[in-house]
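The values are calculated or read from the model by the stated rules, or taken from the named source; none is laboratory data. These numbers come from a predicted model, not from an experiment. Here the Cβ positions follow ideal geometry from the backbone for every residue, glycine too, while neighbour counts run over all protein chains shown.
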Amino acid sequence: MQLAIRHLLPAYFDQGVTDTSEIWGKDLVFEKGDFVKIVAPSGSGKSSLINFLYGMRNEYNGNILYSDKNINQFSLEELARYRKDHISIVFQDLRLFPDQAVRENIEIKRQLNPYHPANKITDMANRLGIGSKLSSRCGTCSYGEQQRIAIIRSLMQPFDILLLDEPFSHLDTKNSEKAMELMLEESRLRNATIIFADLERIDFFPFTRLYHL
């Protein structure tokens with residue numbers, strides 16, 4: 001597995017941003033097992049980058065290559081397999097189903113391509129302090145609880161790459177550290193890459209590579 005970006009730039013950005021960015025307009029290769037931290041101030045295109053890498057948006061110039069294949073040229077079936085088998089994500093806006101139970105929100109990913117048995121949901125929820133919420137309607141949970149739900153959901157599937165877009169914005173340091181520890185454990189089990197974009201450096205994320213967007 002290898003993820004590469006080649007002269008990537010959002011179509012709505014001026015070419016001048018490439019002079020200061022360590023991501024936009026550059027050629028970069030992320031190898032399996034890399035822990036990549038991207039420091040991205042507001043307005044620098046952090047969420048755009050994460051969505052481009054996931055194949056959710058394609059309004060960019062340049063190329064994104066997964067195992068030497070351009071993801072912008074994937075068929076719908078290839079894109080579905082990419083997201084089901086190879087790449088997982090914690091969106092900044094979470095994208096949960098508010099009217100479904102917490103367990104159902106997490107189970108959706110596991111059913112698409114199980115990596116863990118169903119009882120792992122309970123184990124992870126207890127570990128992150130939301131075990132009592134599994135039967136609750138997701139929309140009644142606080143935003144911080146919903147962030148932990150989205151994190152656990154992302155770990156239910158196999159992946160080579162885990163994308164994180166401000167996953168701790170509503171969590172205190174203690175809960176953020178617990179969630180990060182869980183994601184690191186799961187990523188190491190898979191020898192997976194983490195690409196973690198946030199407003200600042202996070203001391204408890206042991207990045208192997210650091211970029212400023």
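Any chance region 95-107 includes a residue that's within 15 Å of the chain's Cα centre (by Cα), farther than 19 Å from L184 by Cα and not small (G, A, S)? Yes, there is a match, as at least one residue in region 95-107 is within 15 Å of the chain's Cα centre (by Cα), farther than 19 Å from L184 by Cα and not small (G, A, S).
Residues in region 47-80 that are without any contact (Cβ under 8 Å) to a residue 12 or more places away in the chain and in a loop (DSSP other than H, G, I, E, B) were compared, and the one that is nearest to Q157 (Cα to Cα) is M56. Annotation: P158 fulfils all but one of (1) surrounded by fewer than 21 Cβ atoms within 10 Å (Cβ to Cβ); (2) under 12 Å from the mean Cα position of the chain (by Cα); the unmet one is (2). State all residues of region 1-46 that are acidic (D, E), without any contact (Cβ under 8 Å) to a residue 24 or more places away in the chain and either touching an Asp or Glu at 6+ places or on another chain (Cβ under 9 Å) or under 20 Å from I71 (Cα atoms) (or both); if no residue qualifies, say none. Within region 1-46, just D27 meets the criteria.
Of all residues in region 53-64, those that are within 13 Å of Y82 (Cβ to Cβ) and either of a type in the set (V, I, T) or buried (at least 20 other Cβ atoms within 10 Å of the Cβ) (or both) total 3. When we screen D34, D27, D19, D93 for residues that are among the charged types (D, E, K, R) and farther than 25 Å from P206 by Cα, the only hit is D19.
Considering D14, D85, the condition of being among the acidic types (D, E) and within 24 Å of Y211 (Cα to Cα) is satisfied by D14 alone.
Being charged (D, E, K, R) and surrounded by 22 or more Cβ atoms within 10 Å (Cβ to Cβ): is that true of D165 here?
Working: charged (D, E, K, R): yes; surrounded by 22 or more Cβ atoms within 10 Å (Cβ to Cβ): yes.
Spelling it out, D165 is indeed charged (D, E, K, R) and surrounded by 22 or more Cβ atoms within 10 Å (Cβ to Cβ).
Does L182 count as touching a residue at least 24 places away in the same chain (Cβ under 8 Å), surrounded by fewer than 21 Cβ atoms within 10 Å (Cβ to Cβ) and either touching a Cys at 6+ places or on another chain (Cβ under 9 Å) or among the hydrophobic types (A, V, I, L, M, F, W, C) (or both)? Answer is yes for this residue. Note on region 153-175: residues that are over 14 Å from R95 (Cβ atoms), part of a helix (DSSP H, G or I) and in contact with a helix residue (DSSP H, G or I) (Cβ under 9 Å, 6 or more places away or on another chain) amount to 1. Take the residues of region 81-135 that are touching a Pro at 6+ places or on another chain (Cβ under 8 Å) and part of a helix (DSSP H, G or I): which is surrounded by the most Cβ atoms within 10 Å (Cβ to Cβ)? Checked region 81-135; the qualifying residue surrounded by the most Cβ atoms within 10 Å (Cβ to Cβ) is H86. For region 136-152, filtered to residues that are of a type in the set (A, V, I, L, M, F, W, C) and assigned to a helix (DSSP H, G or I), the residue that is nearest to L3 (Cα to Cα) is I151.
Of the residues K69, K26, K37, which single one is modelled with pLDDT of 95 or more, basic (K, R) and touching a His at 6+ places or on another chain (Cβ under 8 Å)? The conditions single out K26.
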